[in-house]
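What follows is one structure encoded as C-alpha coordinates, with my remarks underneath.
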Amino acid sequence: MRNLAALALATTLLAGPVFAHPSAMAPGQMAKGDMAMRGGPAGAEYMQAMTRMQKGMMAAHDPDPGRMWAMMMIPHHQGAVDTARITLKYAKDPEIRRINQNVIDGQSKDIAELEAWLDHHGGRPSPH
(Lines give C-alpha, C1' and ligand atoms only; values in the text may rest on other atoms or scores of the structure.)
Protein backbone atom coordinates (compact mmCIF):
# COMPACT_ATOMS: atom_id res chain seq x y z
CA MET A 1 0.00 0.00 0.00
CA ARG A 2 2.87 2.34 0.81
CA ASN A 3 4.28 1.80 -2.71
CA LEU A 4 0.93 2.79 -4.25
CA ALA A 5 0.82 5.96 -2.15
CA ALA A 6 4.38 6.85 -3.14
CA LEU A 7 3.59 6.18 -6.80
CA ALA A 8 0.46 8.32 -6.62
CA LEU A 9 2.40 11.17 -5.02
CA ALA A 10 5.21 10.93 -7.57
CA THR A 11 2.73 10.82 -10.45
CA THR A 12 0.92 13.87 -9.11
CA LEU A 13 4.13 15.81 -8.64
CA LEU A 14 5.51 14.86 -12.03
CA ALA A 15 2.26 15.29 -13.95
CA GLY A 16 1.17 18.50 -12.26
CA PRO A 17 2.78 20.95 -14.71
CA VAL A 18 1.70 18.83 -17.68
CA PHE A 19 -1.97 19.44 -16.97
CA ALA A 20 -1.69 22.90 -15.45
CA HIS A 21 -3.12 25.90 -17.23
CA PRO A 22 -0.23 27.84 -18.81
CA SER A 23 -1.00 30.93 -16.72
CA ALA A 24 -0.58 28.85 -13.53
CA MET A 25 2.89 27.63 -14.46
CA ALA A 26 6.21 29.20 -13.56
CA PRO A 27 7.97 31.21 -16.25
CA GLY A 28 9.77 28.90 -18.64
CA GLN A 29 7.51 25.91 -17.92
CA MET A 30 5.52 24.43 -20.78
CA ALA A 31 2.38 22.35 -20.78
CA LYS A 32 2.54 19.04 -22.64
CA GLY A 33 0.50 20.34 -25.59
CA ASP A 34 2.67 23.46 -25.79
CA MET A 35 5.81 21.35 -26.05
CA ALA A 36 4.31 19.32 -28.87
CA MET A 37 3.24 22.46 -30.72
CA ARG A 38 6.36 24.55 -30.08
CA GLY A 39 8.75 21.68 -30.72
CA GLY A 40 7.90 21.77 -34.39
CA PRO A 41 7.43 18.43 -36.11
CA ALA A 42 9.63 16.72 -33.49
CA GLY A 43 7.72 18.04 -30.45
CA ALA A 44 5.12 15.29 -30.16
CA GLU A 45 7.76 12.61 -30.75
CA TYR A 46 9.97 14.11 -28.03
CA MET A 47 7.03 14.01 -25.60
CA GLN A 48 6.33 10.35 -26.40
CA ALA A 49 9.99 9.43 -25.87
CA MET A 50 10.15 11.31 -22.57
CA THR A 51 6.94 9.67 -21.37
CA ARG A 52 8.36 6.20 -22.15
CA MET A 53 11.57 7.10 -20.34
CA GLN A 54 9.74 8.37 -17.25
CA LYS A 55 7.50 5.29 -17.14
CA GLY A 56 10.51 2.98 -17.40
CA MET A 57 12.43 4.80 -14.70
CA MET A 58 9.45 4.81 -12.34
CA ALA A 59 8.96 1.05 -12.84
CA ALA A 60 12.42 0.25 -11.40
CA HIS A 61 12.18 -1.45 -8.01
CA ASP A 62 14.88 -3.40 -6.23
CA PRO A 63 16.02 -3.50 -2.61
CA ASP A 64 19.65 -3.21 -3.75
CA PRO A 65 20.45 0.45 -4.54
CA GLY A 66 23.01 -0.48 -7.21
CA ARG A 67 20.59 -2.72 -9.08
CA MET A 68 17.79 -0.17 -8.79
CA TRP A 69 20.07 2.57 -10.12
CA ALA A 70 21.08 0.38 -13.08
CA MET A 71 17.42 -0.43 -13.78
CA MET A 72 16.56 3.29 -13.75
CA MET A 73 19.52 4.28 -15.92
CA ILE A 74 18.67 1.90 -18.76
CA PRO A 75 15.40 3.70 -19.66
CA HIS A 76 17.09 7.04 -18.92
CA HIS A 77 19.85 6.31 -21.44
CA GLN A 78 17.29 4.83 -23.86
CA GLY A 79 15.40 8.12 -23.63
CA ALA A 80 18.56 9.94 -24.69
CA VAL A 81 18.99 7.53 -27.62
CA ASP A 82 15.34 7.92 -28.64
CA THR A 83 15.39 11.73 -28.54
CA ALA A 84 18.72 11.81 -30.40
CA ARG A 85 17.21 9.64 -33.14
CA ILE A 86 14.24 12.01 -33.36
CA THR A 87 16.66 14.92 -33.66
CA LEU A 88 18.52 13.15 -36.48
CA LYS A 89 15.20 12.65 -38.23
CA TYR A 90 14.49 16.40 -38.31
CA ALA A 91 17.69 18.42 -37.71
CA LYS A 92 19.74 19.70 -40.61
CA ASP A 93 22.70 21.28 -38.77
CA PRO A 94 25.75 19.02 -39.27
CA GLU A 95 27.23 19.68 -35.82
CA ILE A 96 24.01 18.92 -33.93
CA ARG A 97 23.63 15.78 -36.05
CA ARG A 98 27.21 14.74 -35.12
CA ILE A 99 26.54 15.41 -31.42
CA ASN A 100 23.33 13.37 -31.54
CA GLN A 101 25.07 10.47 -33.28
CA ASN A 102 27.71 10.54 -30.52
CA VAL A 103 24.89 10.43 -27.94
CA ILE A 104 23.37 7.39 -29.67
CA ASP A 105 26.72 5.59 -29.82
CA GLY A 106 27.75 6.40 -26.24
CA GLN A 107 24.41 5.81 -24.56
CA SER A 108 23.88 2.54 -26.47
CA LYS A 109 27.25 1.34 -25.17
CA ASP A 110 26.25 2.38 -21.62
CA ILE A 111 22.94 0.50 -21.92
CA ALA A 112 24.77 -2.67 -22.97
CA GLU A 113 27.19 -2.27 -20.05
CA LEU A 114 24.35 -1.81 -17.55
CA GLU A 115 22.45 -4.80 -18.95
CA ALA A 116 25.59 -6.96 -18.71
CA TRP A 117 26.14 -5.81 -15.12
CA LEU A 118 22.54 -6.69 -14.22
CA ASP A 119 22.91 -10.10 -15.91
CA HIS A 120 25.99 -10.74 -13.79
CA HIS A 121 24.30 -9.50 -10.58
CA GLY A 122 21.02 -11.35 -10.41
CA GLY A 123 19.54 -10.86 -13.86
CA ARG A 124 17.39 -8.24 -15.46
CA PRO A 125 13.79 -7.71 -14.42
CA SER A 126 11.21 -9.13 -16.79
CA PRO A 127 9.31 -6.50 -18.81
CA HIS A 128 5.71 -5.94 -17.69
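Tell me the Kirkwood hydrodynamic radius of region 58-128 in angstroms, computed as one over the mean inverse distance between distinct C-alpha pairs.
Its Kirkwood hydrodynamic radius stands at 13.2 Å.
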Going from most exposed to least, what order do H61, H76 have by accessible area with a 1.4 Å probe?
H61, H76
Rounded to the nearest 10 Å², the 1.4 Å probe accessible area of D64 is 70
Probe radius 1.4 Å, ligands and nucleic acids left out: which of L118, L88 has the largest accessible area, and how do the rest follow?
L88, L118
Roughly how many debye, to the nearest 20, is the charge dipole of region 71-128 about its Cα centre, given +1 on each Lys and Arg Cβ, -1 on each Asp and Glu Cβ, and no other charges?
260
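The values are calculated or read from the model by the stated rules, or taken from the named source; none is laboratory data. What you are looking at is a predicted structure, and each value in this text was computed from that prediction instead of being measured. Quick reminder, even Gly has a Cβ in these numbers, built from the backbone with ideal geometry, and neighbours come from all protein chains shown. Side chains are part of the model used for accessible areas, which takes the heavy atoms of the whole protein and leaves out ligands, DNA and RNA. Shrake-Rupley method; radii C 1.70, N 1.55, O 1.52, S 1.80 Å.
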